[in-house]
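Following: one structure in structure tokens, then a few remarks.
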Amino acid sequence: MKRPLCVLALFMAAIVYIYLEFFYSEIIVYEPEESPKEVTSVFGVVVQKEQKQNSLGEVYTVLYLVPGKKLKGNFKYIECYLSADSYEPSIGETILIAGKTVTFSAPGNPGEFDSRCYYSTLKIAYRLKNASVKKADGKTDYFKEGLYDIKFIFEKNLDKCMPEEDASIMKAMLLGDKSFMDEEIKDLYKDSGIMHILAVSGLHISIIGMGIYRLLKKVRLPEVFIVAVCIVIMFSYGAMCGMNTSAFRAIMMFTLRLMAPVFGRTYDIYTGLSFAFILLLPDQPLYLYNSGFLFSFGAIVGITLLKPSLRPFFLNCRNYDMKFADEKKDKNLLSDVLRKSLDSVITCISIMIITLPVYASFYYTYPLGSIILNLLVLPLMGVLMSAGVICMSMGTVGIIGKSLGAFVHIILLFYKLSCDVTKFSGRLTWYMGHSSKIQVFIYAIMIAAFISGTYYIGVYISGKRISQNKLLKLDVLKYLFIVIAVFVLTFRILPELEINMIDVGQGDGILISSGRNNILIDGGSTSKKKVGKYQMIPFFKYKGVGTLDVVVLTHEDTDHISGILDILDDMEDGGIFIKKMILPEVDRSCRGDNYRRLQDRAGELGIPVFYINSGESFRVGEIEFFCLNPDLNMIVDGANAYSTVLFMKYNDFKALFTGDVEKNGQENIKEIMKQRPEIFDNLTLLKVAHHGSMYTTDMDFLNMINPKIALISCGLENSYGHPHKELLERLDIIGAKTYRTDICGEIGVELHKGRISVHKFR
């Protein structure tokens, strides 16, 4: 059998995937034998440590501990964040350490980062914060501790040679340490599609490893010795950088590449790739759910397997005129440049096509500008890394370090400016949304068929005299097939109407969608930091929402606007676009600091701000909204009292969104309802006011609207006791089906051809 390791790798992937589909939840949840205590003491061996930096710029040490008592399941490590005054042990020491236990929580929304799965993939069971070492036996693993010390020296050298921001980027690029990078730079690189340059991977291994190999070859040492030295150095380098999956894959392929000639064998890239895959996957099946793992292997598959199929038949199978043996070929510089440029473009597109399902399954957007950006970034990577390696190795010896540091700064500045250009207004970001597993499977089959089909077509037409017109038609057909495959992967069947109550913790955030129209009512939290960045925006991306037609702020309390402010910051950086903002039209004396902050921020970004009061209405697509509160220029003591209340109508579907309206506001709404009771009776959906407080939504009010579905947004185990028992009893009496974000996570209500369905994320 030709390439048996490839067949074995594919078979293994299929078996592991089926296993994960049936047992996924069991293998990502760490279940301790007893309930975790507030402060836990653990005996164990320190196997790794690293320096990290928090948002305040404080540097602290993180230990990775293998406890003396074996952990359940596939878990192996405990992550320990040392307190500032704690003793820092050496790698290899057996220690007793105590700290506050922190477990990893499940996401509350689709698209939200799954910390449980991420740390389970790393085999980390739980975390100890503010930990202190109580005892240590003094034994040291000198090899690993030496690598840690060398890494520390390298990082200090980078700090000496270049500004802090540049040094942090080079630490990530050369040493796999992203903890010192500014969050804005991380987001810029990620959103622009060049985050891969910061991962220690094939590019790094080929530049550093092959550089060492060629250097040793010039010394004319024995080949076996050179190969052995290079392999040891690269595995040590990988261990120093944390040995992520992309580094391990690249180092294994590098090792096989060097060893093949020594044993008189020919190196085969597919066998090398399969060998690394087979070594990694049995040890951690969850790698199939890890985007870094999939990107690393997918990029190689794209370059080696798909790229030849994407080359135009028109160029590959041209009919050449007969030439005599001694006739010289004309050298055309422009032709060479165009050929290499086309080759680079095809390389980027081949990687895009293979990794597109990873984007559609984990990130839900694709930076279209990355195709152009990588053409600018990658050619400079060799020069940039070489300069960085010299800086971290030599420090400020003479003027070399500072000079190269200035050179690095120029290249990184060029990268930053290029990223800013490609992110201009966010128009180069494709909000594709989430793809189902069926779509990914069909897409994979279509791409496999494309590769096979183009190979056999190429074999058939090779050496035949075929007109260029026919070759062009073949090229058009094969590229059309790729377009159809991408359409299959990213096609969405949207419901007529969808209402999503986002799990924002203790706060509110409701997305209403119909067709391509999207309305957001509130967005904030007091229990979750940066709720817009970490909960709301990922959910919008999951849904393929890149534009919000209207954002309605019911009132200015933090638990309703903090996420909106994050979204406004994201818009300024080229993210999700807001077309219009609506605020309650109350007296100026009632407009607090947050109200004015929203107005000013919207003005800075050019977002039109409109004001609404009782009796007014607006329409978005087929959805109509009628305002029931507040009264025009209302004067109240607190923001809750003037909370905007919206009655929504879409065909026969009726919904009421009540914000945090309190008793006085509710009495005003009752008076409006009494004038036209037939409009408000048998309400389809009620967003329960003020997170389920007992002081709102009384029985008279519920009897007037008689809702079928009641949604409550509240934080898990919140200090207010929301939702209150009395309120839940009232909803139960009228027969409303009640859904709560603290239990259900995100809640979605969909309307399909008159039929209503409700789904819960948890």
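The values are calculated or read from the model by the stated rules, or taken from the named source; none is laboratory data. Since this is a predicted model, take the numbers as computed values, not measurements. Note that each Cβ is placed from the backbone with ideal geometry, even for glycine, and that neighbours are counted across all protein chains shown.
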Of M385, M392, the only residue that is in contact with a Cys (Cβ under 9 Å, 6 or more places away or on another chain) and not basic (K, R) is M392
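Within segment 547-598, count every residue that is of a type in the set (D, E) and under 30 Å from Y366 (Cα atoms).
Applying the first criterion (of a type in the set (D, E)) to segment 547-598 yields 549, 556-557, 559, 566, 569-570, 572-573, 585, 587, 593.
Restricting the remaining residues to those that are under 30 Å from Y366 (Cα atoms) gives 549, 566, 569-570, 572-573.
Final tally of qualifying residues: 6.
So, restricting to helices (runs of 4 or more DSSP H) that lie completely within segment 104-199, which ones have at least 1 residues that are more than 18 Å from the chain's Cα centre (by Cα)? I'd like the intermediate steps shown before the answer.
Details: elements: 115-121, 142-161, 164-175, 183-192.
Where helices (runs of 4 or more DSSP H) fall fully within segment 104-199 and carry at least 1 residues being more than 18 Å from the chain's Cα centre (by Cα), they are 142-161, 164-175.
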| field | Any hit, segment 232-242, residues being aliphatic (A, V, I, L, M), free of Cβ contacts under 8 Å to residues at least 24 places away in the same chain and either more than 28 Å from Y142 (Cα to Cα) or not assigned by TED's automatic domain parsing to the domain that holds Q48 (or both) | value | yes
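Among I705, I679, which is the only one that is of a type in the set (A, V, I, L, M, F, W, C) and closer than 25 Å to D503 by Cβ?
Working: I679 fails: closer than 25 Å to D503 by Cβ.
The match here is I705.
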(message) Condition (residue is outside any helix (DSSP H, G or I), within 22 Å of Y642 (Cα to Cα), assigned by TED's automatic domain parsing to the domain that holds S525 and at pLDDT 90 or above) applied to segment 699-706: is it met by at least one residue?
(response) no
The condition of being surrounded by 13 or more Cβ atoms within 10 Å (Cβ to Cβ), among the hydroxyl-bearing types (S, T, Y) and farther than 30 Å from H759 by Cβ holds, among Y456, Y415, only for Y415
Apart from one, (1) over 30 Å from S435 (Cα atoms); (2) of a type outside the set (A, V, I, L, M); (3) at pLDDT 90 or above; (4) surrounded by 16 or more Cβ atoms within 10 Å (Cβ to Cβ) all hold for G108; the odd one out is (1)
Looking across segment 568-590 at residues that are among the acidic types (D, E) and part of a loop (DSSP other than H, G, I, E, B), the single one that is nearest to L188 (Cα to Cα) is D573
Expected single match for free of Cβ contacts under 8 Å to residues at least 12 places away in the same chain and either of a type in the set (S, T, N, Q) or not assigned by TED's automatic domain parsing to the domain that holds F625 (or both) among S643, S757, S693, S713 is S757
Exercise for the section: Output yes when any residue across segment 480-501 is surrounded by fewer than 24 Cβ atoms within 10 Å (Cβ to Cβ), on the phi > 0 side of the Ramachandran plot and either part of a strand (DSSP E or B) or in contact (Cβ under 8 Å) with a residue 40 or more places away in the chain (or both), and no when none is. Expected result: no
Of L520, L565, the only residue that is part of a helix (DSSP H, G or I) and either closer than 23 Å to R596 by Cα or at pLDDT below 95 (or both) is L565
Within segment 307-346, restricting to residues that are loosely packed, with under 10 Cβ neighbours inside 10 Å and basic (K, R), the one that is modelled with the highest pLDDT is K331
Note on segment 515-527: residues crowded, with 21+ Cβ neighbours inside 10 Å and not polar (S, T, N, Q) are I519, L520, I521, D522, G523, G524
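Identify the residue in segment 661-680 that is assigned to a loop (DSSP other than H, G, I, E, B) and under 28 Å from D742 (Cα atoms) and, among all such residues, is farthest from the chain's Cα centre (by Cα). Before the answer, list the steps.
Residues of segment 661-680 that are assigned to a loop (DSSP other than H, G, I, E, B), as a first pass: 661-662, 676.
Those still in the list that are under 28 Å from D742 (Cα atoms) too: 661-662.
Details: V661: 36, E662: 38 Å.
Result: E662.
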From the option list Y366, Y359, single residue qualifying as part of a helix (DSSP H, G or I), in contact with a strand residue (DSSP E or B) (Cβ under 6 Å, 6 or more places away or on another chain) and touching a residue at least 40 places away in the same chain (Cβ under 8 Å) is Y359
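Kindly indicate whether D637 is in the same structural domain as R676 (by TED's automatic domain parsing), part of a loop (DSSP other than H, G, I, E, B) and surrounded by 14 or more Cβ atoms within 10 Å (Cβ to Cβ).
Details: in the same structural domain as R676 (by TED's automatic domain parsing): yes; part of a loop (DSSP other than H, G, I, E, B): yes; surrounded by 14 or more Cβ atoms within 10 Å (Cβ to Cβ): no.
No, not satisfied.
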Answer yes or no as to whether Y695 is among the aromatic types (F, W, Y) and not in a loop (DSSP other than H, G, I, E, B). no
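Being part of a strand (DSSP E or B) and either at pLDDT below 90 or surrounded by fewer than 21 Cβ atoms within 10 Å (Cβ to Cβ) (or both) is the filter here, so list the residues in segment 613-626 that pass it.
The first filter runs over segment 613-626 and keeps only residues part of a strand (DSSP E or B), leaving 617-620, 623-626.
Hits for segment 613-626 are S617, F618, R619, V620, E624, F626.
Condition first: assigned to a loop (DSSP other than H, G, I, E, B), polar (S, T, N, Q) and surrounded by 14 or more Cβ atoms within 10 Å (Cβ to Cβ). Now tell me which residues in segment 37-79 satisfy that.
N74
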Is it the case that some residue within segment 188-198 is among the basic types (K, R), at pLDDT below 90 and within 20 Å of N374 (Cβ to Cβ)?
yes
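Condition test on H691, is it within 32 Å of the chain's Cα centre (by Cα), of a type outside the set (D, E, K, R) and on the phi < 0 side of the Ramachandran plot? Walk me through how you get there before you give the answer.
Numbers: within 32 Å of the chain's Cα centre (by Cα): yes; of a type outside the set (D, E, K, R): yes; on the phi < 0 side of the Ramachandran plot: no.
No, not satisfied.
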